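Below: one structure, written as structure tokens.
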Amino acid sequence: MMVPVALLLLGALTAVVAPRMLARADWPEREPVVALWVWQCVVAGVLLCCALSMTFSAAAAWQAVRGQLFAPAPQGVVEAYALGPTPWASVTAVALACGGAWTAVMLTREIARARARRARRRAELVVRAPLLPGEEPGADRLVVLEGERPDAWWLPGAAPQLVVTTAALRRLKGRQLDAVLAHEQGHAQARHDWLLHCSGALAAGFPQVPVFAAFRDEMHRLVELAADDVASRRFGRLTIALALVELNEDRGVFGPSPSVHAHVPQRVHRLLAARPRLTPWRRLRLTATAALVPVVPLLVAFVPALRVLG
């Protein structure tokens, strides 16, 4: 009966230690894509610990589950796990199963809300920027809207569109508009919307769990840094930094008072600082180390069986 407990403790340890280590590290801003991968591996490891603990707890609580789980295994393997009915096994299994179901519900809700928002914005575009006679909607279509505030955003979907206001066109000079387009295309190509949906669903479903709140906040920050890097590699750091300033200076984000866009000055400073990237060897080492995080719960789960079979 030690395996379900060990998995829960491992999940709790990962959820506490990993975010603190990432918060103290200075490399995520230099390598946001690697940081995105590390965060995904951490959260996957935590969820995998919960799923495996639920499975073994259910096997301990109910003979029917145990029979299905260990059906092809030798009797020695079943005995190695020492799974027997305990007062807390069924409670743990049911609680973790409810958590998994709640996660699925919250993810479904998050996706449904995102689709509803997209549908509303597309309907608004049809009204504010109707197609001209003979014009057909196409992929990667640039839509220009009349607007007093400089703004640009990517609208994902079957026919993704970059929407730019006329105020943004007046402000963006030279290749700055191309840099903004590359930034938004970076979001679309990397499917950052799915990362935001998953992290938002976990944070909304389990607001008392700090690792999920940190996961959501870091996804919102890191996807912007990663998209900035996509644009800067094509058009230069100064170009995308100036474009960010032009799009956001009227919103008061560069003033002393905090705002919802407080991350923009940090992004501009990061682009202008131009800190060097990590070496390829260190990027590979971080990527490989992060990939081991979800592997550790599997090793814990299968160690008793491997000892018997080995």
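The values are calculated or read from the model by the stated rules, or taken from the named source; none is laboratory data. From a predicted model like this one, the values you see are computed outputs, not experimental measurements. Because the Cβ atoms are built from the backbone with ideal geometry, glycine has one as well, and the counts that use them run over all protein chains shown. Calculation scope for accessible area: heavy atoms of the full protein, side chains included, ligands and nucleic acids excluded. Shrake-Rupley method; radii C 1.70, N 1.55, O 1.52, S 1.80 Å.
Could you tell me what % of all Cα pairs in the stretch 154-246 have separations over 18 Å? Could you put the intermediate results ahead of the total?
On the way: 2235 of 4278 pairs.
Within the stretch 154-246, distances greater than 18 Å cover 52 percent of Cα pairs.
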So the angle from the long Cα axis of helix 176-189 to the longest Cα principal axis of the chain, reported in degrees to the nearest 10, equals 20 degrees
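At 25 °C and 0.890 mPa s, grab the translational diffusion coefficient of the stretch 172-219 from Stokes-Einstein with a Kirkwood Rh over Cα pairs, rounded to a whole number in µm² per second.
Values: Rh = 12.2 Å.
Translational diffusion coefficient: 201 µm²/s.
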What is the pair-distance distribution P(r) of the stretch 32-85, computed from all Cα-Cα distances in 5 Å bins starting at 0, with each bin given as a whole percent? 4, 18, 20, 16, 11, 9, 8, 7, 5, 1
Which residue fluctuates the most in the chain, going by a Gaussian network model with Cα springs under 10 Å, if the choices are Gly84, Gly236, Gly186? Gly84
Strictly greater than 23 Å: what percent of every Cα pair in the stretch 1-125 meets that? 52 percent
Is there a quick way to get the dipole size of the stretch 199-310? I mean about its Cα centre, with the Cβ of Lys and Arg at +1 and of Asp and Glu at -1; what is the value in debye to the nearest 20? 600 debye
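About the Cα centre of the chain, how large is the charge dipole given +1 on each Lys and Arg Cβ and -1 on each Asp and Glu Cβ? Please answer in debye to the nearest 20. Display every interim value, and only then the final one.
On the way: 34 positive and 23 negative charges, 71 e Å.
I would put it at about 340 debye.
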Expressed in angstrom and ordered largest first, the alpha-carbon extents of the stretch 1-59 along the principal axes are 45, 17, 9
Kindly express, to the nearest 10 degrees and within the range 0 to 90, the angle between helix 280-292's C-alpha long axis and the longest C-alpha principal axis of the chain. 40 degrees
In a GNM of the chain with a 10 Å cut-off on Cα contacts, which of Glu29, Glu148, Glu184 has the highest mean-square fluctuation? Glu148
Tell me the angle of helix 295-309 to the major Cα principal axis of the chain, expressed in degrees between 0 and 90 and rounded to the nearest ten. 20 degrees
Using amide H atoms built in the peptide plane, which far-off residues or other-chain residues are under 5 Å from Leu145 H to H? Val164, Thr165, Thr166
Can you send over the solvent-accessible area of Arg251, 1.4 Å probe, protein chains only, in Å² to the nearest 10? 60 Å²
Binned at 20 Å from 0, what are the whole-percent values of the Cα-Cα distance distribution for the chain, short to long? 26, 48, 22, 4
Extension gain, Arg115 back to Ala204 (0.36 nm per residue minus Cα-Cα distance, nm): 30.3 nm
Candidates Thr86, Thr166, Thr239, ranked by Gaussian network fluctuation over the chain, Cα under 10 Å, top entry: Thr86
